Amino acid sequence: MVINLKLPKSKYYRKVLELLHPFKPFNLLTDREMEVLSLFLVLNYDKREIPYDDRMRLLFSYEIKSNMIKELGISNYNYHNLLKRLRDKGFITVNSIDKKFLFDTVLPIQFNLSLDDSA
């Protein structure tokens, strides 16, 4: 079975995180953490022409932080708490997204399930 999903970027990264949520380490993410991480991933995609280090400095800048706080409707304290939790869980470092979580715009996911009759 193949399920093709074509989503706008505003929903794409959130859907990827939701699809991966049953699996480690994504199962550690709360709904709000997924929301914050997906916003970072959208911004990362929008700025993909900028070299990685410069892009990360931009993504974690005061201006972006202010915009994200406004878009999420949360306080500065809650924003920093969410960043700390994402750092503790290994999704971001001090001021960058871990490269292994920078998904391509086409993400093939394959599940090979088999029934174990002996169990």
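The values are calculated or read from the model by the stated rules, or taken from the named source; none is laboratory data. Please read these numbers as outputs of a predicted model, since none were measured by experiment. Note that each Cβ is placed from the backbone with ideal geometry, even for glycine, and that neighbours are counted across all protein chains shown.
Restricting attention to the range 45-82, the residues that are free of Cβ contacts under 8 Å to residues at least 12 places away in the same chain, in a loop (DSSP other than H, G, I, E, B) and not aliphatic (A, V, I, L, M) total 6. Is it true that some residue in the range 90-97 is assigned to a helix (DSSP H, G or I) and surrounded by 12 or more Cβ atoms within 10 Å (Cβ to Cβ)? Within the range 90-97 (the criterion being assigned to a helix (DSSP H, G or I) and surrounded by 12 or more Cβ atoms within 10 Å (Cβ to Cβ)), the answer is no, since none of the residues qualifies.
So that you can scan it fast, the table gives a plain yes or no per residue for (1) of a type in the set (D, E, K, R); (2) loosely packed, with under 12 Cβ neighbours inside 10 Å; (3) in contact with a helix residue (DSSP H, G or I) (Cβ under 8 Å, 6 or more places away or on another chain):
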| site | (1), (2), (3) |
| --- | --- |
| 13 | no, no, yes |
| 39 | no, no, yes |
| 51 | no, yes, no |
| 61 | no, no, no |
| 70 | yes, yes, no |
| 81 | no, no, no |
| 105 | no, yes, yes |
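I need the full set of residues from the range 21-35 which are of a type outside the set (Phe, Trp, Tyr) and either touching a helix residue (DSSP H, G or I) at 6+ places or on another chain (Cβ under 8 Å) or within 15 Å of residue 72 (Cβ to Cβ) (or both), in order please. Steps first, answer last, please.
Here is the first cut: in the range 21-35, the residues of a type outside the set (Phe, Trp, Tyr) are 21-22, 24-25, 27-35.
21, 29, 30, 31, 32, 33, 34, 35 - these are the residues of the range 21-35 that are of a type outside the set (Phe, Trp, Tyr) and either touching a helix residue (DSSP H, G or I) at 6+ places or on another chain (Cβ under 8 Å) or within 15 Å of residue 72 (Cβ to Cβ) (or both).
If you go through the range 64-119 and keep only what is basic (Lys, Arg) and more than 20 Å from residue 32 (Cβ to Cβ), you end up with 99, 100.
So in the range 1-18, with the set limited to residues that are farther than 13 Å from residue 109 by Cα and not in a helix (DSSP H, G or I), which one is modelled with the lowest pLDDT? Working first, answer last.
So the first thing to find is which residues in the range 1-18 are farther than 13 Å from residue 109 by Cα, and the list is 6-14.
Imposing the further condition that a residue be not in a helix (DSSP H, G or I) reduces the set to 6-8.
Details: 6: 87, 7: 90, 8: 91.
Only one residue tops the list, namely 6.
Residues that are more than 26 Å from residue 66 (Cα to Cα), in contact (Cβ under 8 Å) with a residue 40 or more places away in the chain and not in a helix (DSSP H, G or I) within the range 19-44 comprise just one, 25. Among the residues making up the range 51-82, those that are aliphatic (A, V, I, L, M) and in contact with a Lys or Arg (Cβ under 9 Å, 6 or more places away or on another chain) are 58, 59, 72, 74, 82.
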